[in-house]
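One structure below.
The values are calculated or read from the model by the stated rules, or taken from the named source; none is laboratory data. Quick caveat, the model's predicted, so the values are computed rather than measured. For neighbour counting, all protein chains shown are included, and Cβ atoms are generated from backbone atoms with ideal geometry for every residue, glycine included. Accessible surface is based on the protein model in full, side chains and every heavy atom, while ligands, DNA and RNA are left aside. Shrake-Rupley method; radii C 1.70, N 1.55, O 1.52, S 1.80 Å.
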Amino acid sequence: MADKKFKYVPFVTEVMTARYPKLSEPDTKGEYADGKYKTEATADEDYTERFQEAIQAVADASFAGKKNVHLPWKETKEGAIAFNFKSPKKKPQLTDAKGKALKAGTIVRGGSSIRIAGVIAAWEKGAKRGVSLWPDAVRVIKLSEGFDAANAFGGAEEGFDADEYEPNTSFGDDPIETDADEATAMAGDDAFKL
């Protein structure tokens, strides 16, 4: 089998919106996990067209006259174009808008505004060929905090305290015997009757 051959063209994107980013940690969970650092990203229509043209130019120059060339974008169910950025081996450098490295534990979430620097890599392996977007650095312009469901309610409130509760783990072990008249009396006048 032939080795992969690569041709590289550097790129730096304008501001884009991250979708399903796995930039802080590699993608290692789920059905489609591949252990790589990656993100999808969308942009406004004008930049999307210009970026697609630049990628297509690399594909045309690298694979003139060849068919079935994989391109690194897809249409989302909302009708936008999402570009696929995927690092083959290394974690991209993550920085804030000022160019300073992100603190350990900072998670880049979907909806974050980012810029990406890397290479458009034209590759060929046997009968397969395509163009990939390899991110070397990601600058976070606006970090999406995401939704922290546990903190959505604010501070503690008066009421139920899980520390004071002992769950009944013997449910069904000790049946309560009642006759039909007693059960109806316990249900009260509002009981649903058939």
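Points worth noting:
- For chymotrypsin sites (Phe, Trp or Tyr not before Pro), the sites in the stretch 1-85 that DSSP calls loop and that have at most 15 other Cβ atoms within 10 Å are Y32.
- Considering only Cα atoms, the convex hull volume of the stretch 41-88 works out to 98 Å³ per residue.
- The calculated FRET efficiency for the pair E49 and D161, based on their C-beta separation and a Förster distance of 41 Å, comes to about 0.10.
- Probe 1.4 Å - accessible area at E53, Å² to nearest ten: 120
- Proximity of backbone amide H atoms, modeled 1.01 Å from N, is registered between V119 and F11, W134, D136 at under 5 Å, excluding neighbours fewer than 5 places apart on the same chain.
- The stretch 29-157: Cα Rg divided by the 2.2 N^0.38 Å rule of thumb: 1.26
- Positive-end residue, the stretch 1-134 charge dipole about Cα centroid, Cβ charges, pick of V12, L133, P88: P88
- Couplings for the stretch 57-68, taken from phi via the Karplus curve 6.51 cos²θ - 1.76 cosθ + 1.60 with θ = phi - 60°, read 4, 5, 5, 5, 5, 7, 10, 3, x, 9, 9, 6 Hz in order; Gly and Pro are left as x.
- Lysines with Cα under 20 Å of K100, excluding same-chain neighbours fewer than 8 positions away: K22, K90, K91, K142
- Quotient of the Cα radius of gyration of the stretch 1-89 and 2.2 N^0.38 Å, N being its number of residues: 1.20.
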